[in-house]
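I have placed the structure first, in the form of structure tokens, so that the comments after it can refer back to it.
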Amino acid sequence: MSRNGHILAIDQGTTSSRAIVFDGRGTPIAVARREFPQHYPGDGWVEHDPADILRDVRTVAREAMEQAGLTAADIAAIGITNQRETTVVWDRATGEPIHRAIVWQDRRTAALCHQIADAGHGEMVRAKTGLLIDAYFSATKIAWILDHVPGARDRAERGELCFGTIDSFLIYQLTGKAVHATDATNASRTMLFDIHTQDWDDELLALFRVPRAMLPRVLDSSDDYGVTEPTLLGAPVPIAGVAGDQQAAAFGQACLSPGMAKSTYGTGCFALINTGTTPVASKNRLLTTVAYRLNGVTSYAQEGSIFVAGAAIKWLRDGLGIITHASQTNDLATRVPDSHGVYFVPAFVGLGAPYWDSEARAAIFGMTLDVGPAHIARAALEAVAYQTRDLMDAMAGDWGGAINALRVDGGMAANDWLCQFLADLLGMPVERPEIIETTALGAACLAALRVGLFDGLESVSAAWRCQSRFEPRMDPERRERLYAGWRDAVARTRSH
């Protein structure tokens, strides 16, 4: 970015909303963050109140600006990145949601997804969307809301309701209901978007019973998304970059060439490998998705999604009470020489890639009387690495080429012990960037490209700087023995 412009990145995640101001060198100079409540109205159900999210986004945007000592005149553009697949349906006239947001983790439509897959639609859905039929994605969540809110389906057919993922909901609200749009990365996660034609697909809309009238326009990831209402920051500011959180992280990690891979560790864990301008179908139950779309040209990625990573550490804190802060897991993990044979499979909401088992549930194996909190905490961290190994093995099988290193980011990547264990288990270098909040950085880079603060993708690559590189040092025989124990533990949690 040039030295005379700032970008405000809004990073709306699963458990918190943040705003980060980046200066002209792409360095974060102010951060504001707020956690918001999670709602669990049923077994496997997860909801958010969109009003909480909108309120917090407005608050953190102003707080970050105040921290940085800036006004709207100092901000060249806003970039937005968001938890993907989470589904909001709202009244087009008032902007009011008609139901709480159904979160990506929510499993309430799993039975419906099984019915649709059993009816033989899986190959058509995969061929068009790159996705497996699963409750993870937005399509069946939309249908559930339309079926369970009285009158909603008729109103949607008449064009009175809007659907959006969180980015689209925020754009609509922050622009004063002027813009109903999303970007190609978020659209590609709905199970309604043909990633080859880059448009909503009528056959998919009919299958999942979603009216086209409620869908947003699909724009490039770096594009014109209107301007904010003056009340947000004191004057209108253009929204110029939008991407789902994992694609934004890959962009911020400068994974811009085929074969480059990143893994983000937040509530879940998500690994992406850039496959270039040709989508690569997976033989190993990975997803084919849009990495970014710039100037109408689509770049694709393969993705592996793990539903629980940091959420397991949160459970250690809030559920078991064996830690009071997430950072304590590093100390506990290094207090013992190994996990004492304990394996923790954190399938609290089922297993994601490459298993896709929505009925699996979490379990801890190998418990003996001399197992203590340190072993369980270490097993929880190790589970993150084991799940990443599952994904990287699947990617290597699909990609066919070498993956030379894995770039990591997200809150858990600050843990040195975890990064080293990850390198040991993968048998490849793990690179951690100077700016670990690459999700927000990716959104900022996309916005900067649109408003001319970056000249092109070379500028994005040049802005990436490595802070630490972890080289593998575990004996290969031990590596494979540990991983075999993990595979056995997973097999015992499977529902079939």
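Of note:
- Estimated from helical segments only, the mean residue ellipticity of the chain at 222 nm is -10000 deg cm²/dmol, where each DSSP H run of four or more residues counts as -39500 (n - 2.57).
- Accessible area per residue (1.4 Å probe, heavy atoms of protein chains only) ranks Trp144, Trp90 as Trp144, Trp90, with the largest value leading.
- Coarse-grained scattering of the stretch 366-496 at q = 0.11, 0.15, 0.20 Å⁻¹, given as base-10 log I(q)/I(0) from a Debye sum over alpha-carbon atoms: -0.52, -0.86, -1.24
- Restricting the calculation to Cα atoms, the stretch 60-181 yields a radius of gyration followed by a Dmax of 17.7, 58 Å.
- Given a 1.4 Å probe and the protein chains as shown, Cys255 ends up with an accessible area of around 10 Å².
- Over the stretch 156-258, the Kirkwood radius and the radius of gyration, each from Cα atoms, give a ratio Rg/Rh of 1.01.
- Grouping the Cα pair distances of the stretch 422-496 into 10 Å bins from zero gives a pair-distance distribution of 16, 27, 21, 21, 13, 1 percent in increasing distance order.
- Considering only the Cα atoms of the chain, their convex hull presents on average a projected area of 21.3 nm².
- The chain: Lys pairs at Cα distance under 27 angstrom, eight or more positions apart or on different chains: 8
- Dividing the Cα radius of gyration of the stretch 236-343 by its Kirkwood radius returns 1.11 for Rg/Rh.
- When Rg and the Kirkwood radius Rh are both evaluated on Cα atoms of the stretch 4-132, their ratio Rg/Rh stands at 1.10.
- Think of a 1.4 Å ball rolled over the protein heavy atoms: the chain then has 35 Å² of accessible area per residue.
- The accessible surface of the stretch 278-403, taken with every protein chain in place and a 1.4 Å probe, is 55 percent carbon and sulfur.
- Accessible surface of the stretch 1-125 [probe 1.4 Å, protein heavy atoms]: carbon and sulfur percent: 48
- Across the stretch 195-335, the relative contact order, built from alpha-carbon pairs under 8 Å that are at least six residues apart, equals 16 percent.
- Heavy atoms of Met367: accessible area, 1.4 Å probe, square angstrom to 10: 100
- Vicinal HN-Hα couplings computed from phi for the stretch 482-490 (Karplus, 6.51 cos²θ - 1.76 cosθ + 1.60; Hz; Gly/Pro x): 4, 5, 4, x, 5, 4, 5, 5, 4
- Two-decimal log10 I(q)/I(0) for the stretch 330-425, as the Debye equation yields it once each C-alpha is a single scatterer, q = 0.12 Å⁻¹: -0.44
The values are calculated or read from the model by the stated rules, or taken from the named source; none is laboratory data. This one's a predicted model, so the numbers in the text were calculated from it and none came from an experiment. For accessibility, only protein heavy atoms count, side chains too; no ligands or nucleic acids. Shrake-Rupley method; radii C 1.70, N 1.55, O 1.52, S 1.80 Å.
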